[in-house]
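The structure under discussion appears below in the form of structure tokens.
The values are calculated or read from the model by the stated rules, or taken from the named source; none is laboratory data. What you see is a predicted model; the values in this text were computed from it and never measured. Using ideal geometry, Cβ is built from the backbone for each residue, glycine included, and neighbour counts are taken over all protein chains shown. The accessibility values were calculated without ligands, DNA or RNA, using every heavy atom of the protein model including side chains. Shrake-Rupley method; radii C 1.70, N 1.55, O 1.52, S 1.80 Å.
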Amino acid sequence: MIEVRNLKKTYDVKRRDGLFKSHREKVEAVKDISMRIEAGQIVGLLGINGAGKTTTIKMLTTLIEPTAGSYSFDGLDAIAHPTEVKKQINMIAGGERMIYWRLTAYENLWYYGQLYGIENVILKQRIEKLLKLVGLEDKANIPVETFSKGMKQRLQIARGMINDPKYIFLDEPTIGLDAVVTQELHEEIMNLAKKQEKGILLTSHYLSEVEQLCDYIYLVNNGELIVEGTKRKLTDFVFLRNQYAFSTKGMDEGIYLKLKNHIGFVDKDADVSFEGGKTLITSKVELSSKLAEFALDEKLTINELHKMEPSLEQAVIKLSKEMQKEKMA
Ligand SMILES: Nc1ncnc2c1ncn2[C@@H]1O[C@H](COP(=O)(O)OP(=O)(O)OP(=O)(O)O)[C@@H](O)[C@H]1O
Ligand SMILES: [Mg+2]
């Protein structure tokens with residue numbers, strides 16, 4: 001298990017005040033983040049741009065040192081034992097970093113394997129296995145510069161597994177990939193966790209991806225943890241569990257305004273809108289019977305009354321907007 005306790009990172013940056021003047025300023029990229037990642041688990045780290053996700057991953061992969069806090073891998077303190085920890089972890093980032101274009105797929109993997117000091121015989125077998133796993137066995141001896149984006153990303157996955165890590169950090173792994181490759185990568189990520197018992201930390205701005213893959217989610221904003229839990233916990237947290245689509249025969253503006261008013265009495269914070277001929281409602285209160293009563297009182301025939309499953313996307317957007325508002329206030 002990875003245990004992260006009160007991690008903090010402050011950057012000291014130089015800001016220009018003019019042509020000849022500058023001053024130094026502290027940027028608190030990560031203020032206080034604690035989390036746990038267990039073997040076999042896919043954990044999501046979410047947050048808007050600049051929230052502190054990449055900084056967190058960089059600290060956990062020992063690329064940068066934390067300003068404060070600690071983290072351990074299977075009980076081994078990472079700051080005191082960086083070399084041992086590095087053997088157990090790896091990172092796969094989206095985009096085309098960390099691979100050498102002039103080298104072939106095989107040569108890239110060989111190079112990284114050498115960096116980990118893997119014995120030649122074992123490395124050769126492992127590279128063959130990994131190339132097969134990511135479907136690049138036929139492309140092993142072709143320079144990477146001729147690869148498509150999807151092929152490069154598959155190679156990234158193979159590279160990220162070259163040291164047979166126990167824990168893998170995925171920073172936006174499917175950015176810019178088409179739906180087919182993305183789907184294949186999703187299956188791969190699932191396999192890594194569920195069949196090979198790897199512990200995975202994933203960041204992504206594709207919330208349906210997080211919804212599909214992650215067992216547990218941490219939402220960060222401004223370097224701090226806002227909420228953690230399952231998708232259900234997050235949607236509950238922002239009172240998104242009661243969402244309805246409601247329409248009646250002959251629904252017009254008059255009826256809509258009356259309904260809006262009616263809902264306002266029950267929950268003054270309810271979100272009510274009219275779209276595509278129906279009323280959409282989000283409320284912290286269970287409203288099914290209230291909506292049915294309203295139709296009865298107004299002698300309206302109900303066309304549609306159904307409770308909708310809230311998405312993670314809605315929860316994250318709502319929370320992030322609220323945080324932004326708070327920040328400005
Ligand atoms: N090397 C650095 N020097 C100074 N400030 C930095 C540095 N790296 C990141 N920051 C700042 O730290 C904050 C968090 O950045 P970080 O890259 O961790 O965000 P993120 O959550 O990964 O965002 P994104 O979704 O855009 O990738 C930002 O305000 C950023 O400007
Ligand atoms: Mg980032």
Could you grab me the full set of residues in the stretch 229-240 that are at negative phi and surrounded by 18 or more Cβ atoms within 10 Å (Cβ to Cβ)? 231, 234, 235, 238, 240
Scan the stretch 195-213 residue by residue and report those that are within 16 Å of ligand 1 (Cβ to nearest atom) and open to solvent by less than 60 Å² (accessible area, probe 1.4 Å). 201, 202, 203, 204, 207, 209, 210
Extreme residue, nearest to residue 207 (Cα to Cα), among residues of the stretch 158-194 that are open to solvent by less than 20 Å² (accessible area, probe 1.4 Å), out of contact with any Gly (no Cβ under 9 Å at 6 or more places or on another chain) and of a type in the set (A, V, I, L, M): 189
Residue satisfying all of: in the stretch 33-92; within 13 Å of ligand 1 (Cβ to nearest atom) and of a type in the set (Lys, Arg); farthest from the chain's Cα centre (by Cα) among these: 58
Considering only residues that are surrounded by fewer than 19 Cβ atoms within 10 Å (Cβ to Cβ), in contact with a strand residue (DSSP E or B) (Cβ under 8 Å, 6 or more places away or on another chain) and not acidic (Asp, Glu), which ones fall in the stretch 83-93? 88
Can you list residue pairs whose Cβ atoms sit under 7 Å apart, with the first residue in the stretch 270-292 being on the phi > 0 side of the Ramachandran plot and among the aromatic types (Phe, Trp, Tyr) and the second being part of a strand (DSSP E or B) and open to solvent by 70 Å² or more (accessible area, probe 1.4 Å)? Count only pairs 6 or more apart in sequence or on different chains. none
Residues of the stretch 214-223 satisfying the condition of being more than 17 Å from residue 39 (Cα to Cα), open to solvent by 10 Å² or more (accessible area, probe 1.4 Å) and either of a type in the set (Phe, Trp, Tyr) or in contact with a Leu (Cβ under 9 Å, 6 or more places away or on another chain) (or both): 221
Considering residues of the stretch 17-31 that are more than 14 Å from ligand 1 (Cβ to nearest atom) and of a type in the set (D, E, K, R) only, the residue least open to solvent (accessible area, probe 1.4 Å): 17
State yes or no: is residue 42 open to solvent by less than 10 Å² (accessible area, probe 1.4 Å), more than 16 Å from ligand 2 (Cβ to nearest atom) and touching a residue at least 12 places away in the same chain (Cβ under 8 Å)? yes
Index of the failed condition, residue 272 passing every other in (1) buried (at least 19 other Cβ atoms within 10 Å of the Cβ); (2) over 30 Å from residue 219 (Cβ atoms); (3) among the aliphatic types (A, V, I, L, M): (2)
Residue 206 fails exactly one of the following numbered conditions: (1) within 16 Å of ligand 2 (Cβ to nearest atom); (2) closer than 11 Å to residue 43 by Cα. What is the number of that condition? (2)
Within the stretch 64-77, the residues that are over 16 Å from residue 199 (Cα atoms) and touching a strand residue (DSSP E or B) at 6+ places or on another chain (Cβ under 8 Å) are 64, 66, 67, 68, 69, 70, 77
Picked from the stretch 1-15 (must be within 23 Å of the chain's Cα centre (by Cα) and more than 10 Å from ligand 1 (Cβ to nearest atom)), the residue farthest from residue 198 (Cα to Cα) is 8
Hits in the stretch 94-129 - residues which are open to solvent by 10 Å² or more (accessible area, probe 1.4 Å) and of a type in the set (A, V, I, L, M): 98, 99, 103, 115, 118, 121, 122
Yes/no for residue 43 being more than 24 Å from residue 142 (Cα to Cα) and among the β-branched types (Val, Ile, Thr): yes
